[in-house]
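Worksheet for the structure shown next.
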Amino acid sequence: MIDPTRSTAVHLLAQMSSGEVSAEEITRAYVDRAERLNPTLNVFLHRDVQKALDQAKAVDARRAAGDSLGPLAGIPVAIKDVLCTLGEPTTCGSRMLKSFRPPYDATVISKLRAADAVIVGKTNMDEFAMGSSTENSAYGPTRNPWDTTRIPGGSSGGSAVAVAADLAPISLGSDTGGSIRQPAALCGIVGLKPSYGRVSRYGLIAFASSLDQVGPFSHDLADTALLLGVIAGRDPMDSTSVDTPVPDYLGTLDTPPPSLRVGIVREYFGEGLDPEIEAAVREAVRVYEAAGATVREVSLPHSKYGGPAYYLVAPAECSSNLSRYDGTIFGHRAEDFSARTPEEESIPPLIRMMMASRAEGFGPEVKRRIMLGTFALSAGYADQYYNQALKVRRLIRNDFDNAFKDVDVLIGPTTPTAAFKLGEKTSDPLAMYLSDIYTITTNLAGIPGLSIPCGMTKSGLPIGLQLMAPAFAEETLLRTARVFEKATDWHSRRPGLS
C-alpha cells in the first residue's frame, strides 16, 4: 500500500471508494506521523487520537453499509486553534483562553462534520492571530519543515506546517492580513483567502471582524477547490456572509478560463523584494505567456498606504474585540491581584483583578496592538487615524476595481523574502509587519487571494506566487492558478522529513 500521507485528499477519496485503503488506515498513518514529528515541529496544540480513529471507523462502517457519505468522508483535517470546536480546547495560542472549551462548533466545523471529515487536531498559531511567524504563540513557536531553524509564517503557521509536513492532507486557517497566504508561500503549499463573506465567520474567534476570513491549505488546487466547496456559502449565523451561489469549484477546475488576462502589479516589484523571489515570479509570468495569456502591467497606486491603513484598522478592531477578555466572565482570571503600592490601594479590587488578568493572559504583541488600537479610537484621535484609514481602505478597493476592468487576475509575489530564521525579527515589530506587505491590501479590499508554490531559493526554501481576483471570483482564481500548476511541478515538492 502506498503511504497515505504522501497523497492528496482527492486521491485518498478515490482510493477509499475503490477499497484500496480504509479511512481508519489513513487516519492511523497521519496520527502516527504526527506522533513522530510534532515534538520537533510543534504543530498541534490539542489532539484526540482515539476520537479521530473512532470518526474514521464510523465512516468505514457507513461506506461498507452502502450509506450516502459526505464529500470529505474519511479525510483527516487539521484545524487552526482559532475556530471553536464543541467541548474541545480552543486557545487561540493564548494563555488568556487556556481553559476555554466552547459550547458550540464554528459553522465551518459543523460543515466539516456534515461532510464526514475526520478532525485530527487543533493547530498552533500566533496569539489571537496576531503575527507573521507563529512565534507569538504562548505555547512555543512552530518550525518550518523545510528548515526547522526557520519560521513557517503566520499566523496560521501550525495549519500550514500540518499540510507541508504531511500531518494532514488539508487544513483550515484564518487570514486577516495574509495569515493563510504568507505561511502557505513559506511552506511550499497552496493557501486561499476567500472573498470576505464567502465563508462564515461564526465561531471564528475574532481579531479584526471586517478583515478576518477562514480558508483552506492543501498541496494542490484540486484539494483547495474540494475544501472550499464544503465550507463556502451563506450562513444565517453570520450577518456578514453573502448569499451568492457557490460554484462547483472542483468540477470546473480543469477548464481553463475563457480568457487569460493577467495583470502584473507594478508596486509589488520595488525595494525590499528579494531578487530570488522576483526571478521566480517573473518566470511564472513567462509560463502564463507560454499558455497564451495576455499579460500587462497594472498599477495599484494606493497600495503603498496599505500597511499604515491595515495597522490602524486591524488594531482598532482588535482593541474592541479583545476588551471582553478581562477575567470577569471571559478569559483567564488572575489569582493574585492584591495591591502592592499606595497607588494600587486606591484602585478598586475589581479593576485590579482585570488589570492583572489581562497582564498575565495576553502576550506582548497582543498588548502592543490593543494599545495601538485603543489610541487610534480614542477621543480626539479617531478622525485623525481610524477614520482616515477607512478612507484609504476605500481608495485601495477602488484601485482593485479599476485594475479588474482590464484583467481577470492580478499576480505578484506573496512575500518579499523566503522564510527567515526563528528569532530574527522578534525584536523589530516593523520588520515583522513588512512580511505581509503584499497580502494585506486584499483583506482591506475584501477580495480573494491565493498563494501557490512557484519556485525554490538556492538554499532550498519555497517561494510563493500570489494571485488575486475580483470579489467572489474564486472560481476564476482557481482555474487561472490551475493553468500554472499543470505546467509546473512545484506543488509536488515535499520537505525531506524522516
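If the requirement is being under 16 Å from the mean Cα position of the chain (by Cα) and either in a strand (DSSP E or B) or of a type in the set (Asp, Glu) (or both), which of these qualifies: Gly197, Gly177, Gly215?
Gly215
With respect to Asp81, determine if the residue is among the acidic types (Asp, Glu) and surrounded by fewer than 20 Cβ atoms within 10 Å (Cβ to Cβ).
No; evaluated as a whole, the condition is false for this residue.
Kindly provide the set of residues from segment 121-156 that are buried (at least 24 other Cβ atoms within 10 Å of the Cβ) and not in a loop (DSSP other than H, G, I, E, B), ordered by number.
Gly121, Lys122, Thr123, Glu127, Phe128, Ala129, Asn144
Criterion first (free of Cβ contacts under 8 Å to residues at least 12 places away in the same chain and of a type in the set (Phe, Trp, Tyr)) does Phe404 satisfy it?
On the way: free of Cβ contacts under 8 Å to residues at least 12 places away in the same chain: no; of a type in the set (Phe, Trp, Tyr): yes.
So Phe404 does not fit the description; no.
Which residue pairs have Cβ atoms under 7 Å apart, sit 6 or more places apart or on different chains, and have a first residue in segment 440-469 that is within 16 Å of Glu267 (Cβ to Cβ) and a second that is basic (Lys, Arg) and buried (at least 24 other Cβ atoms within 10 Å of the Cβ)?
Partner pairs satisfying both residue conditions: Thr442/Lys193; Leu444/Arg393; Gly449/Arg181; Gly449/Lys193; Gln466/Arg181.
For segment 327-390, give me every one of the helices (runs of 4 or more DSSP H) that falls completely inside it and has 1 or more residues that are closer than 24 Å to Thr134 by Cα and under 31 Å from the mean Cα position of the chain (by Cα).
349-361, 364-377
Select, from Gly153, Gly131, Gly121, Gly158, the only residue that is in the same structural domain as Ser218 (by TED's automatic domain parsing) and under 17 Å from Pro453 (Cβ atoms).
Details: Gly131 fails: under 17 Å from Pro453 (Cβ atoms); Gly121 fails: under 17 Å from Pro453 (Cβ atoms); Gly158 fails: under 17 Å from Pro453 (Cβ atoms).
The conditions single out Gly153.
Tell me which helices (runs of 4 or more DSSP H) are completely within segment 397-498 and hold 3 or more residues being surrounded by 23 or more Cβ atoms within 10 Å (Cβ to Cβ) and assigned by TED's automatic domain parsing to the domain that holds Ala129, or say none if there are none.
Filter on segment 397-498 gives 440-445, 474-487.
Need the failing condition index for Ala23 against (1) surrounded by 22 or more Cβ atoms within 10 Å (Cβ to Cβ); (2) within 20 Å of Gly158 (Cβ to Cβ), just the number.
So the condition that Ala23 fails would be (2).
Please find, among Ala206, Ala314, Ala280, Ala309, the residue that is assigned by TED's automatic domain parsing to the domain that holds Glu474 and either assigned to a helix (DSSP H, G or I) or surrounded by 15 or more Cβ atoms within 10 Å (Cβ to Cβ) (or both).
Unique residue meeting the criteria: Ala206.
Could you figure out which of (1) of a type in the set (Gly, Ala, Ser); (2) part of a loop (DSSP other than H, G, I, E, B); (3) touching a residue at least 60 places away in the same chain (Cβ under 8 Å) isn't true of Gly292?
(3)
Yes or no, residue by residue, for (1) at pLDDT 95 or above; (2) closer than 23 Å to Asp126 by Cα; (3) assigned by TED's automatic domain parsing to the domain that holds Ser427; (4) not charged (D, E, K, R):
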residue: Ser319; (1), (2), (3), (4): yes, yes, no, yes
residue: Phe330; (1), (2), (3), (4): no, yes, no, yes
residue: Ala334; (1), (2), (3), (4): no, yes, no, yes
residue: Phe337; (1), (2), (3), (4): no, no, no, yes
residue: Pro342; (1), (2), (3), (4): no, no, no, yes
residue: Ile347; (1), (2), (3), (4): no, no, no, yes
residue: Gly361; (1), (2), (3), (4): yes, yes, no, yes
residue: Val366; (1), (2), (3), (4): yes, yes, no, yes
residue: Gly373; (1), (2), (3), (4): yes, yes, no, yes
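Is it the case, given these coordinates, that Thr90 is more than 20 Å from the chain's Cα centre (by Cα), closer than 25 Å to Gly191 by Cα and touching a residue at least 60 places away in the same chain (Cβ under 8 Å)?
no
The values are calculated or read from the model by the stated rules, or taken from the named source; none is laboratory data. None of the values given here were measured: they were computed from a predicted structure. Note that each Cβ is placed from the backbone with ideal geometry, even for glycine, and that neighbours are counted across all protein chains shown.
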